[in-house]
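Chemist: The structure under discussion is supplied below as structure tokens; questions concerning it will follow.
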Amino acid sequence: MHLRCRSRTLPLAGPLVMGVLNVTPDSFSDGGQHVAHDAALAAARRMVAEGAAIIDVGGESTRPGSSPPSVDEELRRVLPVVRAIAAELDVVISVDTSRPEVIAAVLAAGAHFINDVRGLTLPGALEAAAAGGAGVCVMHMQGTPATMQRAPHYDDVVTEVRDWLLGRIAACRDGGIAADAIVVDPGFGFGKDASHHLAMFAALEAFTTLGVPLLVGVSRKSMVGQLTGRPVAERTAGSVALAAIAAERGAAVLRAHDVAATVDAVRIGAALRRGGNA
Ligand code: 8Y7
């Protein structure tokens, strides 16, 4: 098993860690553009040294209640960081975006992978990713970031999310994206409440039988807050615990802020999955 991302091929013998690199103005405080760029590159270097196989660069905050920046603003945030990482680091560069203009531009700048919380549903997004030969992650979201946490509703969250992901896999294949370039994600925190999170996590194996690898992103999220009662700054231990269990249940990629700890956690989860034959 492997994951193809343009010129790169990632082995899927054990779970991979995707390190989160936010380049939104709120993520690197008030230091200005140059400082933000240097800080982002330093964070990327550190995550690679800690064992991240993929760096996920994001210029759109998709926090609950947020609204998207302009395309120009998103590009201004993301492109210099993609170029700098491509020039210096031997790592798969993912960009967290939904817009076809951004997808085309970041692939031209050296990115390998498109991580789309809207599952490549914006007009032209799937085509742009296919044209660039990118690896893709299609994630499920109910609603939009502005409204998704108001009153999420499902009759059966696992079946509905699973069926939607199957439909997106088919759309990607029809659009010319190779099967070994597709990853799916049920989208923890995106239009789900505490009971939905627990139901999806309990049934995580159901998302590993879609014919493509499963990505799980729970790092520092509300699910961890709901289970531990802790604020965002104190959610590392809970996030790492969930990462180990997700790996034990068959997740192939873990999206995480705390890369070093998550790398250890997924090694343990993967070894237990194999029956202890580490
Ligand atoms: C996820 C994600 C975010 C996730 C994938 C946060 C961009 C919110 N979460 N992408 N992005 N899966 N594939 O709290 O769960 O990190 S942003």
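Chemist: What number of residues within the range 1-46 satisfy the criterion of being more than 25 Å from residue 132 (Cα to Cα) and either modelled with pLDDT of 90 or more or within 16 Å of the ligand (Cβ to nearest atom) (or both)?
Modeler: Adding up the residues that qualify gives 12.
Chemist: Residues being among the small types (Gly, Ala, Ser), part of a loop (DSSP other than H, G, I, E, B) and surrounded by 24 or more Cβ atoms within 10 Å (Cβ to Cβ): count how many of those fall in the range 102-130. Break it down stepwise before answering.
Modeler: The initial filter retains those residues of the range 102-130 that are among the small types (Gly, Ala, Ser), namely 104-105, 108-111, 119, 124-125, 128-130.
Those still in the list that are part of a loop (DSSP other than H, G, I, E, B) too: 109-111, 119, 124.
Remaining after also requiring surrounded by 24 or more Cβ atoms within 10 Å (Cβ to Cβ): 111, 119.
Number of matching residues: 2.
Chemist: Can I ask one more? Since residue 7 meets every condition but one in (1) closer than 19 Å to residue 215 by Cβ; (2) open to solvent by 20 Å² or more (accessible area, probe 1.4 Å); (3) touching a residue at least 60 places away in the same chain (Cβ under 8 Å); (4) among the hydroxyl-bearing types (Ser, Thr, Tyr), which condition does it not meet?
Modeler: The one condition residue 7 does not meet is (1).
Chemist: Taking the conditions exactly as written (surrounded by fewer than 24 Cβ atoms within 10 Å (Cβ to Cβ), not in a strand (DSSP E or B) and not hydrophobic (A, V, I, L, M, F, W, C)), does residue 133 satisfy them or not? Before you say what the answer is, go through the steps one by one.
Modeler: Numbers: surrounded by fewer than 24 Cβ atoms within 10 Å (Cβ to Cβ): yes; not in a strand (DSSP E or B): yes; not hydrophobic (A, V, I, L, M, F, W, C): yes.
For residue 133, the condition - surrounded by fewer than 24 Cβ atoms within 10 Å (Cβ to Cβ), not in a strand (DSSP E or B) and not hydrophobic (A, V, I, L, M, F, W, C) - is met.
Chemist: Please indicate, with yes or no, whether at least one residue in the range 89-100 is more than 19 Å from residue 181 (Cα to Cα), modelled with pLDDT of 95 or more and assigned to a helix (DSSP H, G or I).
Modeler: Scanning the range 89-100, I find no residue that is more than 19 Å from residue 181 (Cα to Cα), modelled with pLDDT of 95 or more and assigned to a helix (DSSP H, G or I), so the answer is no.
Chemist: Please go through the range 251-269 and give me each residue that is open to solvent by 10 Å² or more (accessible area, probe 1.4 Å) and either aromatic (Phe, Trp, Tyr) or assigned to a helix (DSSP H, G or I) (or both), ordered by number.
Modeler: First, pick out the residues of the range 251-269 that are open to solvent by 10 Å² or more (accessible area, probe 1.4 Å): 252, 255, 257-258, 260-261, 263-264, 267-268.
If the condition is that a residue be open to solvent by 10 Å² or more (accessible area, probe 1.4 Å) and either aromatic (Phe, Trp, Tyr) or assigned to a helix (DSSP H, G or I) (or both), then 260, 261, 263, 264, 267, 268 are the ones that fit.
Chemist: If we scan the range 150-162, do we find a residue that is surrounded by fewer than 23 Cβ atoms within 10 Å (Cβ to Cβ), within 16 Å of the ligand (Cβ to nearest atom) and assigned to a loop (DSSP other than H, G, I, E, B)?
Modeler: yes
Chemist: When you check residue 79 against the structure, is it more than 26 Å from residue 214 (Cβ to Cβ) and either at pLDDT 95 or above or within 12 Å of the ligand (Cβ to nearest atom) (or both), yes or no?
Modeler: Details: more than 26 Å from residue 214 (Cβ to Cβ): yes; either at pLDDT 95 or above or within 12 Å of the ligand (Cβ to nearest atom) (or both): yes.
The answer is yes for residue 79.
Chemist: How many of the residues in the range 207-232 are part of a helix (DSSP H, G or I), open to solvent by 70 Å² or more (accessible area, probe 1.4 Å) and within 13 Å of the ligand (Cβ to nearest atom)? Lay out the reasoning, then the answer.
Modeler: Narrowing the range 207-232 to residues part of a helix (DSSP H, G or I): 207-208, 222-228, 232.
If we keep only those that are open to solvent by 70 Å² or more (accessible area, probe 1.4 Å) as well, we get 226-227, 232.
So of that shortlist, the ones also within 13 Å of the ligand (Cβ to nearest atom) come out as 232.
The number of residues fulfilling the criteria is 1.
Chemist: Report yes if residue 57 is surrounded by 15 or more Cβ atoms within 10 Å (Cβ to Cβ), without any contact (Cβ under 8 Å) to a residue 60 or more places away in the chain and hydrophobic (A, V, I, L, M, F, W, C), otherwise no.
Modeler: Values: surrounded by 15 or more Cβ atoms within 10 Å (Cβ to Cβ): yes; without any contact (Cβ under 8 Å) to a residue 60 or more places away in the chain: yes; hydrophobic (A, V, I, L, M, F, W, C): yes.
Judged against the criteria, residue 57 is a match.
Chemist: Please specify each residue of the range 123-149 satisfying the condition of being more than 15 Å from the ligand (Cβ to nearest atom) and either of a type outside the set (Gly, Ala, Ser) or under 17 Å from the mean Cα position of the chain (by Cα) (or both). Before you say what the answer is, go through the steps one by one.
Modeler: Start the filter on the range 123-149 by keeping residues that are more than 15 Å from the ligand (Cβ to nearest atom), which leaves 123-124, 126-128, 130-133, 147.
Those that are more than 15 Å from the ligand (Cβ to nearest atom) and either of a type outside the set (Gly, Ala, Ser) or under 17 Å from the mean Cα position of the chain (by Cα) (or both): 123, 126, 127, 147.
The values are calculated or read from the model by the stated rules, or taken from the named source; none is laboratory data. All values reported here derive from a predicted model rather than from experimental measurement. Glycine also receives a Cβ, built like all others from the backbone with ideal geometry; neighbour counts cover every protein chain displayed. Side chains included, ligands, DNA and RNA excluded: accessible areas come from the protein's heavy atoms. Shrake-Rupley method; radii C 1.70, N 1.55, O 1.52, S 1.80 Å.
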